[in-house]
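Each reported figure results from applying straightforward, stated rules to the coordinates on display, with no laboratory input. Because the structure is predicted, anything quoted here is derived from the model rather than measured. Here the Cβ positions follow ideal geometry from the backbone for every residue, glycine too, while neighbour counts run over all protein chains shown.
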Amino acid sequence: MRTDRMHISPRIQFSLKLALMGVVMAAIFVADTATSYEVAAAVFYTVVILTAVRVLSRRALIALAVICIVMTAVSLAFTPHGNLRSGLINMGISIVAIVMTTYLVLKMEAARTAAHEAQAHLMRIARVKSMEALTTSIAHEVNQPLAAIVTSGNACQRWLGQEPPNLDKARQALDRILSDAGRASNIIARVRSLTRGEPPHKSKFDFNKAILEIIALSQAEMERNGIRLVMELSPDLPLAIADQIQIQQVVGNVVLNAIDALAPVPAPMRSIRITSETRGNAIVLAVSDTGIGIPAEVYEHLFEAFWTTKEEGIGVGLSISRAIIEANGGQIWAARGEHGGAVFRFSVPIASQEKRQ
Ligand code: ADP
């Protein structure tokens, strides 16, 4: 089951909201004109402004406030009865209320946007910083056995190049190569277990709520990039059981990848759709984008560590995401989007399944 709101296109939603505002403003105008000067119905324009702040841009909101002020003055001119002096005072009060409300909501909105931008920024920095530290330490550790392999390889070539070839020495060099290669592979295995982090702290949680929380952090980033976000979260999900923070990390990473994939696409075509649903004993989250998509030959590499197509990418986001999801008892996979782009899905066990085990 999906919530109805999500089936209405954003353009229609916007038009409906504008129409509703128009009707409310007309009603206030009629009430203000028809009632006597002593009734300051125009203060109700402040309600329209408060509602409009989420719908209109800064400029449009200021224009709306000006329209409300003009309508207040026009009402006064057409009001047929009452004490004109009270009418003038009430008009003054209404106009001050409209101006103050507009000023305050614009301030609040600016603060909200700044906070969201800062959060999104932090999220990106946290990802890059932890990845930077991780790659530096991995590069450092793996470099040693690799350098030793090169030295032994060169020695081996020299022993084999002698007349007659010194097979004994060459065999010893090969043994060293094998043992160093084993050491490098052990380091990678250790890093893999490290990036899995601590064992997950599993608990029951409201999956949609956790998703909305983490999406809120990247919303400003999406707005800045002109990305349309469509949320289709199933309203009747059971509780999930997993490490909520880790699951949120995965969502953050997949969403940031989707944002990256949308950058080369023309702005009007940028959209991200996030859906949640129950499938058997799991909740499945899907993040679809209309981005550049994934070439067929790339699928098998997506979840490999250090595999990236981005100039500044590190290529560990998806490998860590897979490790996290698997440690939490789920699976993660990618597919081609219905209308181009890519879809990343992952599953998380539902709480009742845990009880049955
Ligand atoms: P990074 O983001 O540092 O490249 P990831 O492991 O998160 O590392 O992603 C690996 C690669 O997978 C990316 O470089 C990109 O080629 C591909 N990829 C991930 N998400 C998407 C997506 N939504 N659309 C297209 N390609 C993607």
Using only the C-alpha atoms of the range 293-334, find the volume of their convex hull and express it per residue in Å³.
67 Å³
Order these by the 10 Å Cβ neighbour count, fewest first: Glu163, Glu38.
Glu163, Glu38
If amide H atoms are built 1.01 Å from N in the plane of the peptide, which residues on other chains or at least 5 residues away come under 5 Å of the amide H of Glu304?
none
Can you work out ³J(HN,Hα) from phi for every residue in the range 212-229, in order, using Karplus 6.51 cos²θ - 1.76 cosθ + 1.60 and θ = phi - 60°, giving whole Hz and x for Gly and Pro?
4, 4, 6, 5, 4, 5, 9, 4, 5, 4, 5, 4, 4, 8, x, 8, 7, 10
Let me know the Rg and Dmax you get for the range 216-348 when you use only its Cα atoms, in Å.
14.3, 41
Amide H proximity to Tyr37 below 5 Å, modelled H, separation 5+ or other chain, gives His81, Gly82, Asn83
Label-to-label distance, nm, for residues given as Val96 and Lys204 (7 Å Cα→Cβ offset)
5.5 nm
So what are the ³J(HN,Hα) numbers for the range 328-343, from phi and the Karplus equation (6.51, -1.76, 1.60; θ = phi - 60°), rounded to whole Hz, Gly and Pro as x?
9, x, x, 9, 10, 8, 10, 8, 6, x, 4, 10, x, x, 10, 10
Taking amide H atoms as placed 1.01 Å from N in the peptide plane, list the residues 5 or more away in sequence, or in a different chain, whose amide H sits under 5 Å from that of Met231.
Ile274
At a threshold of 8 angstrom on Cα-Cα distance, excluding pairs fewer than six apart, so keeping six or more, what relative contact order does the range 210-324 reach in percent?
25 percent
Under 24 Å between alpha carbons: how many lysine pairs meet that in the chain, if sequence neighbours fewer than 8 apart on the same chain are excluded?
5
Cα-based equivalent ellipsoid, the range 194-261: semi-axes from gyration tensor eigenvalues, Å
23, 17, 8
Cα-based Rg then Dmax for the range 1-94, in Å, read 16.1, 58
If Rh is defined by the Kirkwood formula over all Cα pairs and Rg also comes from Cα, what ratio Rg/Rh do you get for the chain?
1.21
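Give the longest segment of the chain that steers clear of chymotrypsin sites (Phe, Trp or Tyr not before Pro) in DSSP loops with at most 16 neighbouring Cβ atoms within 10 Å, not counting the sites themselves. Intermediate results must be reported in sequence, preceding the final value.
Numbers: sites that count: Phe306, Trp307.
Of all site-free stretches, the longest is 1-305.
Evaluate 2.2 N^0.38 Å with N set to the residue count of the range 67-123, then give the Cα radius of gyration divided by it. Walk me through the intermediate numbers first.
Details: Rg = 18.4 Å, N = 57, 2.2 N^0.38 = 10.2 Å.
It is 1.80.
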